[in-house]
1. Of (1) outside any loop (DSSP other than H, G, I, E, B); (2) touching a Ser or Thr at 6+ places or on another chain (Cβ under 8 Å); (3) not hydroxyl-bearing (Ser, Thr, Tyr), GLU71 satisfies all except one. Which?
2. Show the residue pairs meeting these rules: Cβ distance below 6 Å; 6+ apart or different chains; first residue within the range 1-23 and over 15 Å from LEU41 (Cβ atoms); second residue within 6 Å of the ligand (Cβ to nearest atom) and of a type in the set (S, T, N, Q).
3. Would you point out the residue of the range 1-11, among those that are polar (S, T, N, Q) and buried (at least 18 other Cβ atoms within 10 Å of the Cβ), that is nearest to the ligand (Cβ to nearest atom)?
4. Which ones in the range 12-26 are surrounded by fewer than 16 Cβ atoms within 10 Å (Cβ to Cβ) and either more than 10 Å from the ligand (Cβ to nearest atom) or on the phi < 0 side of the Ramachandran plot (or both)?
5. Counting only residues that are in contact with a strand residue (DSSP E or B) (Cβ under 9 Å, 6 or more places away or on another chain) and exposed (fewer than 15 other Cβ atoms within 10 Å of the Cβ), which one in the range 70-89 is farthest from LEU48 (Cα to Cα)?
6. Looking at the range 122-148, I want the residues that are of a type in the set (D, E, K, R) and have a partner that is assigned to a strand (DSSP E or B) and surrounded by fewer than 12 Cβ atoms within 10 Å (Cβ to Cβ) with Cβ atoms under 6 Å, at least 6 apart or on another chain. Which pairs are those?
7. Would you check which residues across the range 81-112 are part of a loop (DSSP other than H, G, I, E, B) and within 16 Å of the ligand (Cβ to nearest atom) and list them?
8. Any residue in the range 169-195 that is touching a residue at least 40 places away in the same chain (Cβ under 8 Å) and under 30 Å from ASP90 (Cα atoms) sitting within a Cβ distance under 7 Å of a residue that is away from the ligand (no atom under 16 Å from the Cβ) and among the charged types (D, E, K, R)? List the pairs, counting only those 6 or more apart or interchain.
Amino acid sequence: MSKLLHVSASPRGESSDSRALAGAFLDAHRRAHPEVAVEELDLFDGKLPAFGHLAAQAKMAVWGGGQPSAEQQGEWDAARAVFDRFAAADAYLFSVPMWNAGVPYALKQWIDIISQPGWLFSFTPDAGYSGLIRGKKAAVIYTSGVYQPGAPLPYGADFHAAFFNDWLRYAGFTDVAEIRWQPTVLTATRDTDKTAARQRAAEAGSRF
Ligand SMILES: Cc1cc2nc3c(=O)[nH]c(=O)nc-3n(C[C@H](O)[C@H](O)[C@H](O)COP(=O)(O)O)c2cc1C
């Protein structure tokens, strides 16, 4: 059975705008593909390990062609377990609200944990980075309260979709669908915008 992993980067639970769209996407996807198992990964459930001194030392040891030390091995293994859960899926849905023009810190923490040499990417001085996540597709839901593409700078800049789309490219994804609902707050038409966004999410979910 193929597996779709929904990676949620909003801590707002039932109030979450991106989760509402993810729900529409997943309901439609389940109807179109009942054979696909959907798994939820809540990045704000408090279970992500830290990626600090020992893990960063381990990364640089591996990057230099070596091995983590005995002291570093525990944090390196904890990072590997997070990567393995990610890599076990065949397809991905990401729910990504904008936080301070970028992505929520739990998503950045997760990215910093799983983006390791030999796991997510390889590197050569001649060719640069190559993503190792190949042949898998992704869909991303982007929400922001005020920012929208083309907005004047006082309404925010995009280090959000720009960053996350680039991480997907760096990881090796080439087949990426985007569903945007922007803005979710600074608008007099929130309810109709939400209905339209849920509709777009459902269409993307049944096509996915
Ligand atoms: C901590 C935090 C930071 C935010 N920063 C921004 C921001 O920089 N620009 C913006 O347009 N909206 C910002 N917002 C608003 C959210 O992006 C917006 O409400 C979005 O719809 C939330 O999605 P969610 O309900 O799935 O969490 C922020 C919200 C929070 C909670």
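1. (2)
2. ASP17/THR143; ASP17/THR184
3. My answer is SER10.
4. ARG12, GLU14, SER15
5. Checked the range 70-89; the qualifying residue farthest from LEU48 (Cα to Cα) is ALA88.
6. none
7. Within the range 81-112, MET98, ASN100, ALA101, VAL103, PRO104 meet the criteria.
8. Pairs found: GLY172/ARG134; PHE173/LYS136.
The values are calculated or read from the model by the stated rules, or taken from the named source; none is laboratory data. Bear in mind that the values here come from a model prediction, so they are computed numbers and not experimental data. Every residue, glycine as well, gets a Cβ built from its backbone with ideal geometry; the counts of neighbours run over all protein chains shown.
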